[in-house]
Amino acid sequence: MENAVWEMSLKMDFNPSSSNFVDWYIMANDSLLENSSEAYFVRIGNTEDEVSLYRQENGEITKIIDGLDDRVDINPVEIKLKVERTLGGSFSLWIDLLNGNGWTLEGTIEDDQLSTAIYSGVYCKYTSTRSDKFYFDDFLITGETLIDSLAPVLHTAAVHGIDKIT
């Protein structure tokens, strides 16, 4: 996707950890998100309690935007997230902590390594005591999936009948 924006609202009714976090797959090439050979996803939580953007490629996961540590070291976590991708693969990761300060930029990166992803969704990693404490809302995805730079050309035309109106 080019010139794309992904947005969502999230509540985790707990303080995230390395055992309890969310991976929001904005682009993935498999409907079983965590098994994708090509994907970009935002991880909310984990050991550093951060919001960061990752690239997943052939089983290897690479952090490409390292969000501010302890950003989501709170209970509960209630945030809005936004990822923008411009033509050519420039990503921007934004967070709104819903504290009246609006959107804060977590980081930007140029990365156009992956392009065949067609799925989006969330993957929640959790222990049994956190299984019912994830809430999602306001998903929005906009963008161009195909940039068509060639104008259509008429190759043939034929008339198969004539209708008369009297």
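Counting only protein chain heavy atoms and rolling a 1.4 Å probe, the accessible areas of Thr104, Thr47 rank, largest first, as Thr47, Thr104. Taking a straight line from the alpha carbon of Lys133, these lysines sit under 21 Å away, with near neighbours fewer than eight places off in the same chain left out: Lys11, Lys80, Lys125. Length gained on full extension, Asp69 to Asn3, computed as 0.36 nm times the residue gap minus the Cα-Cα distance: 20.9 nm. Could you list log10 I(q)/I(0) for the chain at q = 0.18 Å⁻¹, which the Debye formula gives when each Cα is one point scatterer? The calculated log intensity ratios at q = 0.18 Å⁻¹ are -1.13.
Using a Gaussian network model of the chain in which every pair of alpha carbons under 10 angstrom is joined by a spring, one finds that among Lys11, Lys133, Lys63 the greatest mean-square fluctuation is at Lys133. Per residue, the chain exposes an accessible area of 58 Å² to a 1.4 Å probe, with every protein chain left in place. Sorting the segments 48-57, 65-74 by their residues' average number of neighbouring beta-carbon atoms within 10 angstrom, most packed first, yields 48-57, 65-74.
Its relative contact order, with pairs defined as Cα atoms under 8 Å and 6+ residues apart, puts the chain at 32 percent.
The values are calculated or read from the model by the stated rules, or taken from the named source; none is laboratory data. As the structure is a computational prediction, the values presented were derived from the model and not from experiment. Cβ coordinates were reconstructed from backbone atoms using ideal geometry, including for glycine residues, and neighbour counts include every protein chain displayed. The accessibility values were calculated without ligands, DNA or RNA, using every heavy atom of the protein model including side chains. Shrake-Rupley method; radii C 1.70, N 1.55, O 1.52, S 1.80 Å.
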